[in-house]
Structures are given as C-alpha cells and as structure tokens.
Amino acid sequence: MYRYLFFLLFLTTIASAQKPDSLKTVTYSRDSTRYTNLKLRMSKTKFSKAVYRLLFRDVYNQGKVTEVKQIETNPFTPYEGMVIRKIIIRQLNMLGQSVYDTTRKGNRLERFFSANLHTNTREGIIRKSFLRFSEGDDIKAQVLKDTERLLRSNRLITDARIIVIPREDVTWMADVVVLIQDAWSLNFSGGFSSFNKFNIGLNNINTRGTTHSQLTAIRWNAQDTVRKFQFRTVYTVPYIAKTFITGQASFILERDIREQSIRFFRPFLTSETKYAGAFEAGHTWLQQYKRSVNNTEVQVLFPIEYNHYDIWLGRSFKFPFVNSFLSKNARLVTAIRHNKFVYDKRPEVGPNLNKIYWNRSATLVSIGYSNRNYKRDVLIYGFGRTEDVPVGTLFAMTVGQENTQYGGRGYAGVQYAAGKYMPHNLGYMYGLVNVGSYVQNGMAQQGVVGGQMDYISNLIPFRYSFFRQFVTARFTQGIRRDSLDYLNISKEQGIRGIYNDQLIGTKRLTLSTETVFFSDKSILGFRIAYFVFADFGVVNGPKKRLRESPLYQGYGLGMRLRNENLTFNTLQLRISYYPNVPALSSPFRYGIDGNVPLRLKDFDISAPSILPLQ
C-alpha cells in the first residue's frame, strides 16, 4: 500500500511543465535550445506530451538563481519604521506551487495530494510561535529578514518568503504577506525478510498541522538471542508558544542502546536573541565496540550505563561601541553550564586510565564575541531551495573546573571561526581553529588541537546549468589521550564510503574535494546533481609522525536525487575506488544510500563545552 502511495506521490511532482512566473520582479533565463526543441517535438501528440510530462520538468530555467543572488542587502530596509496594519498568511500547496511563482496552481494530482494527504501547519501556530512580529508593530527590517530565514531553516517548511505591501491610502502603514510552503510530513521506512524478521517506522514531522514531530519505529528478529523486539519513539514540540523553546522526549529500547531522556532547549536564533539555554536529563545504556590505539587487531565490547543531567544559560549583549561598523550584528555573549555523569557500568578506570568514563561533574563559564549575518544563495547543499549562508566571525573562550572521582582538574579552551564571500566572485571561505585541554597537576591531559578550512566556489555556468567546487581540509590532534579515546579516518571524517575501525589514531589530517554539477532536468520530480570526489587522509598514534603513515585515498563519482518538497534524505548512488585501504575485499565499492543534507556552520555561540576529539 505504502509503495503505491509513494509512486503516486512521485507522479504528482512531474505531471506537468509549469508556466512562467508572472511576478514582474523575476528575471528569467531562457530554456536551452536543445531542451526547448525536445519539448516541442514531444508536444505534437497527446501520448508523447504525456511521456514528456511524466519524465521531465523544468527546474533551473525559472530565474530563481538570478533573483536570489541579487538580494544581497536587506530587502525590507525601505519599509523600516512603517506600521504593520495586517499580517496575511498564505499557505501554498505542498506540491505544484512556489514562493517565487505564486500563480502556479499545480496539476490535479498535485492538488489532490496537497489537499487530502497532507495537513498544512495551522495558521494560528504560525502567528503565535513562528513570527517575531505582530500587527501594530513598527517594521524592523532585521526582524523580518531573520524571521524569513528562521522559517526556511525549519524542516517543516520547504521554503518561505515575506513580502511587504505599502498601503496606498495610508502611506505610513503596510501589510505583510507571509508565503509558506510546507514540506511533506509523513515518512515511512521499513524492511521485510519474513514474519520472523522485519522492521517498520513512521516519522510524522508535523502531526495534524500542530508542528509536533513523532518518530516511532519497531523491529522484530526472532533469531536474535539478545533482544527480539526493539522499539524507538521520539516526540518533539518545537517553539513552545512564543518562547522559541523546543521540548523533546525520547524512549529507546534496542539491541545495543537503551535510553530515556528529556530535553528543553532554546538557541541564540538571531543576533537579537537575548537569552538562550537548555536542560537535559536521562539514563543511557549502550554497548560500545572499541579497539586500542596500541593494539588495533583486537576488538573489545564494553557495556556502558550512566545517568546524566546538563543545564546551561546564556545572555547576549549588544556591542558596546555604538559607532562601530560592527555594532549592528555583533554581540558579546556570556554563558554558564553545569553537568554531571555517573556511571553504573563502564570499562576499567584509574587515575591515568580511561578518563572519558570517570564519574564527574563540571562547571564551565564562557565569554565570546559573535558577529553574524546571512546572504541568500542557492544550489550549495540544497537542490533549488533558498539557502541562508552565514557570514561573520566568532571568538569564544571557555574556562571551568571539573570534579572527578580522582580529584579536581581545570579546563581551558579557545575557539575562533570566520566565514565570508571573497571579493571578485572567488567564492565562499570558512575557517575554524579550536584548542582545548584539561589541566591537572600542571600537566595538560585529554587535550585537542583542531582546525578546518572549507572553500565553496561561486556557481559556475556550464552549458545550460551550473556546477560548484567544494574543498575541505581538516586537522585534529589529541593531547595525552587514553588508548580507548581516538580518532577514525573513515566515513565523513576522512575517506567517505568506507568504515574500518582499525584506521585509528590520535592525529589525523584529511583533504577532500568534490565537484558537483546541478542538472537543469529532473526525473519523477527529483532534481539531479552529479558529483565526482577525491579524499586523502593520514592517521596514526601518539608516538608517530603523520608523514610516517600511509596516505589513504578514495576516489569516486555518483548521482544525487532530491525532491525539496519531501523530507526524505537525498538518494545517493555512488561508485568508489579505494586503492590502498586495508581489509577491503575489493578496491571498488558500489552503493545506494540516503545522504543527509549538510548545513553551513553558523557563528552563534551556544553552551560552554569541552572540545571533543572528533
């Protein structure tokens, strides 16, 4: 039944080629001659037209790239100080419409799915919990821009746009139109081998339009001698009232993990947010499969069980130098944090053994500087939706005291990050430097030194579409870490597409490059991106130099498909070649998996934290 529904859902997104946007502010690029000729040839008969409408849909020829890229300054600045007379919430159909083309109606199947198989977010909740302004307020350009960005960043929403319409009869008043397009809320997962082994899951990210999210999954394996029945449920209530506090409760009963936890959190959503914080408490039991840096041949299973609580509170202040060009978006942030971990089961511990499993409580204090803004862009990690790229700097210093079962020790850490679009259309550059360590008896322990550099090129036109170049370099080194506390160079931390738990150490250097071509076509409503990548990395233990280790390599190419109206992970097909990664049956790997869309790192300061080794 569900496969049939999914097939119908796919058909809704491709059943017709859309008409051009009628909004005067949008400037369109022409269809490619080749694509237009194909469209004309296949429009001669009803059958060929139906085939065309089934297989193809214009994606990037609607001018959205041009429009979004042109909005570099705040579009609401001309309306600063005007009074909001009325707020109009316009919720678009989940399928067939666009915030950049309000005239689209969608075909009958799209309208059917939008109206009958999806419940839009309730208008009252949008007004009460999502908007940072009300009727009668003076228009503040930054508040409107931040609200638009926060709406787009919410996974319940595919895209959002705010339009200010000045009143002709009263020149100092304006109406504000909020265009919102929901994402598909129901996600099913599952697998069936027999009635003795199957699993099924349902994730509803917008239950009956309330914005509440509920994930429920069950698994049955009659042959499993440890736990035949497994269960997981997570319930989330975002943006409670107008507090912007999110609450979450989890109950997990699975083979290798049991967890009961509750969490409430409120981040620094915007530069205007004064207070942020979180509270979390829970009980966790899990099985960890570990190796020692000193002996990677032997794998050991450790049962871990602990209780914990964690609470922090932060306050931001405007930059004190009012006349500085930094004062508008810059904030000084102070925060305090206290947590406690008590273990019931763990590996053997001692004064100089397995410190990550010590019973401990810590109090940390941080002070930081954050200057952040956002630029709109498209086709970075998304497939056409508007993306808000963080631009700014961050500096934070954390100090604190930790009391453990083997005495007290201090902690100190420093973090610096910066990101900006480079001049002359050279692209976006992000840099991060982290240093942190415990200090006991005048000696550093469990320390980390890390750095990262990301480069994203501007969109580069290629024939009738675009491509981007991505480059990431990372370096991490642990300082006096225990033998069970190490780095791995597999997966997304180094050589993607593989996992080898013997490629471990306390020092790691990686370089990754990826070229992504965003096609101007779509198949069954899924937009296409082709990519090629190369990953390089070295890792070793504390007594070796990096140059003494082999340079592990991975090369590959593939295709990603994604429908931004759906909340499924991006479907990724990949062919990879690993010439010198050990313990592989073949240097070639073929895979189909779900790829979670990445997000650019922001410059908001959150809880004071211990720098992890990762």
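Observations on the model:
- Residue in the range 331-347 that is surrounded by 19 or more Cβ atoms within 10 Å (Cβ to Cβ), under 24 Å from L144 (Cα atoms) and not assigned by TED's automatic domain parsing to the domain that holds I157 present: yes
- For the range 208-228, a tally of residues being surrounded by fewer than 16 Cβ atoms within 10 Å (Cβ to Cβ) and either without any contact (Cβ under 8 Å) to a residue 12 or more places away in the chain or within 30 Å of S153 (Cβ to Cβ) (or both) returns 6.
- Residue within the range 459-479 that is in contact with an Asp or Glu (Cβ under 9 Å, 6 or more places away or on another chain), among the polar types (S, T, N, Q) and farther than 27 Å from Y421 by Cα present: no
- S271 vs. criteria of a type in the set (S, T, N, Q) and touching a Leu at 6+ places or on another chain (Cβ under 8 Å): no
- Scanning the range 121-146 for residues that are under 23 Å from the mean Cα position of the chain (by Cα) and within 17 Å of I205 (Cα to Cα) returns T121, I126, S129, F130.
- Scanning the range 369-399 for residues that are closer than 23 Å to E514 by Cβ and in a strand (DSSP E or B) yields a count of 8.
- One residue stands out in the range 568-595 among those that are part of a loop (DSSP other than H, G, I, E, B) and small (G, A, S): the one that is modelled with the highest pLDDT, namely S586.
- Filtered residues of the range 468-483 (kept if in contact (Cβ under 8 Å) with a residue 40 or more places away in the chain and buried (at least 19 other Cβ atoms within 10 Å of the Cβ)): R468, F470, T476, G478, R481, D482
- Only residues that are surrounded by fewer than 20 Cβ atoms within 10 Å (Cβ to Cβ) and within 21 Å of the chain's Cα centre (by Cα) were counted in the range 388-406, giving 3.
- Every residue from the range 173-203 that is part of a strand (DSSP E or B), under 30 Å from V143 (Cα atoms) and among the polar types (S, T, N, Q): Q181
- Residue match in the range 407-425 (condition: touching a residue at least 12 places away in the same chain (Cβ under 8 Å), surrounded by fewer than 19 Cβ atoms within 10 Å (Cβ to Cβ) and aromatic (F, W, Y)): yes
- Scanning the range 55-95 for residues that are at pLDDT 50 or above, of a type in the set (F, W, Y) and in a loop (DSSP other than H, G, I, E, B) turns up just one, F76.
The values are calculated or read from the model by the stated rules, or taken from the named source; none is laboratory data. Here the structure is a predicted model, which means the values were calculated and not measured. As a convention, Cβ positions derive from the backbone with ideal geometry for all residues, glycine included, and neighbour counts pool all protein chains shown.
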